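As structure tokens, the structure follows; a few thoughts come after it.
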Amino acid sequence: MGRRETQAAGLGISRLGIGCWAFGGGAYWREQNQKDVEAVVHAAIDRGVTLFDTARMYNDGNSEVYLGQALKGVRGKAFVVSKVSPAKAYRATLKEECEASLRNLGTDYIDMYMMHWPINAPGIRHFTDDAATIAHPPTTQEAFETLAQLKKDGKIRFIGISNYGVEQMRQALAVCPDIAANELPYNVISRAIEAEILPFCARNGIAVLSSMTLQQGVLAGIYQTAGDIPAHQAHSRHFAQQRGRGTSRHGEAGAEEEIFETVALLRRLAAQLNITVAQLSIAWVLAHPGIACALVGSRNEKQLIENLQALAVNLPADSKAQIDETSQKVLSRLGNSPDYYESSSDGRIY
Ligand SMILES: NC(=O)c1ccc[n+]([C@@H]2O[C@H](COP(=O)([O-])OP(=O)(O)OC[C@H]3O[C@@H](n4cnc5c(N)ncnc54)[C@H](OP(=O)(O)O)[C@@H]3O)[C@@H](O)[C@H]2O)c1
């Protein structure tokens, strides 16, 4: 068993995890049918998937609520990850948020509770416009001491972090050496964490969960050009500032040509391998020795079954090498800042 399989087995998590951001619907993901949510959750559990990834801020708590409903009767078979806003990481508010997540989920423990983003002023501004919180943000010390206390109290089983860079991990580990996992954006066109973050996590025994494995459908091959992507899903640095039509903050030119050259390669290789583009993209992420679990959002049971079949794909070395080489052009354009929403020189992850 390799390191990533050992890590996944040690935590009791599956190699593919269910991204629950769309559960409950809302402005970002539009309507999400609860019957489909329940079908995805039950089909996943029936096939040995354990990990379900949600957050308090996803759809104002509705992602947790609808996941909790879907898990009724099968809670014991699930490993539930939820996350707390860094703006709520003061001692008292963190405990309150954890209780609120437990109520939303209808459970008395969360398997892994993550700090959703590092605690710094630019990061917090994304979660709150409260001037007092921005001026006096919670400290890493109180946040991680409180997480450790929640673990002692049995409210959470593991402590996690999300979107943490190397320096931020060092600071958190100094308070709480007991950090089990870091959830970070990683996919064929988002490879920034390869340079420093993945090696640091490997050295420190921190399992890595990849978020946005399919780059919200781009890496399932559902779009032919950048112009086809809904504006609110094109506001990352991958795409030119104007694609976000007022929602982008990065001010950069993006790497659209290189991205669609990569997607074209994925289409060719997927056809040769007789698999789908989504399966190829998931298999590529899982082929990295530093990734314990790939999080994938599936809207319905059909997408889930297709995506789960990626676990059986044995990615040929020459196909992987071709994807690495072509997507390297995207990486060269976008650079090593893993914050894909702020400009490369002003990222919240360091
Ligand atoms: N920690 C963080 O800060 C963070 C940030 C982002 C995401 N995440 C986690 O990562 C999870 C996954 O990311 P994500 O939800 O952004 O997106 P994703 O998994 O990259 O993409 C999901 C979307 O791809 C499309 N799709 C999935 N399977 C497909 C298939 N087989 N064929 C065609 N299209 C398919 C669907 O689009 P349609 O809806 O158009 O059908 C689906 O909504 C999230 O749910 C969340 O749990 C965490």
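Overview of values
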read-out: A181 long-range amide H proximity, modeled H, under 5 Å; value: I161, A207
read-out: For region 279-285, 3J(HN,Hα) per residue [Karplus equation, 6.51 cos²θ - 1.76 cosθ + 1.60, θ = phi - 60°, Hz, x = Gly/Pro]; value: 4, 5, 5, 5, 4, 4, 4
read-out: Amide H contacts under 5 Å for L16, placed H, 5+ residues apart; value: A294
read-out: Under the Karplus curve 6.51 cos²θ - 1.76 cosθ + 1.60, θ = phi - 60°, whole-Hz ³J(HN,Hα) for region 204-209, x wherever Gly or Pro sits; value: 9, x, 9, 6, 10, 9
read-out: Cα centroid separation, region 112-143 to region 159-183 (Å); value: 15 Å
read-out: Normalised contact order of the chain, rounded percent, pairs of Cα under 8 Å and 6 or more residues apart; value: 18 percent
read-out: Largest-first principal axis extents, alpha carbons of the chain, Å; value: 53, 45, 40
read-out: I159, I134 arranged by Cβ crowding within 10 Å, fewest neighbours leading; value: I134, I159
read-out: Long-range tail of P(r) for region 245-350 (Cα pairs > 20 Å, %); value: 51 percent
read-out: For V74, V313, V218, order by how many other beta-carbon atoms lie within 10 Å, fewest first; value: V74, V313, V218
read-out: Derived scalar couplings ³J(HN,Hα) [region 219-226; Karplus, 6.51 cos²θ - 1.76 cosθ + 1.60; whole Hz; x for Gly, Pro]; value: 8, 9, x, 7, 10, 8, 9, 4
read-out: Cα gyration tensor, region 65-160 - rounded (a/c under 1.5), prolate or oblate; value: prolate
read-out: Rotationally averaged projected area of region 1-40 (alpha carbon convex hull; nm²); value: 3.8 nm²
read-out: Out-of-range pairs (alpha-carbon distance over 23 Å; input K72/K152; K95/K151; K35/K155; K83/K329; K88/K151; K35/K95); value: K72/K152; K35/K155; K83/K329; K35/K95
read-out: Inter-centroid distance (Cα atoms) of region 1-33 relative to region 219-262, Å; value: 24 Å
read-out: Assigned charges on the beta-carbon of Lys, Arg, Asp, Glu; region 194-350 dipole about Cα centre (debye); value: 280 debye
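We did not get these values from a lab; they are worked out from the coordinates using the rules stated. Remember, it's a predicted structure, so these values are computed and weren't measured experimentally. With ideal geometry, Cβ positions are generated from the backbone for all residues, glycine too; neighbour counts draw on all protein chains shown.
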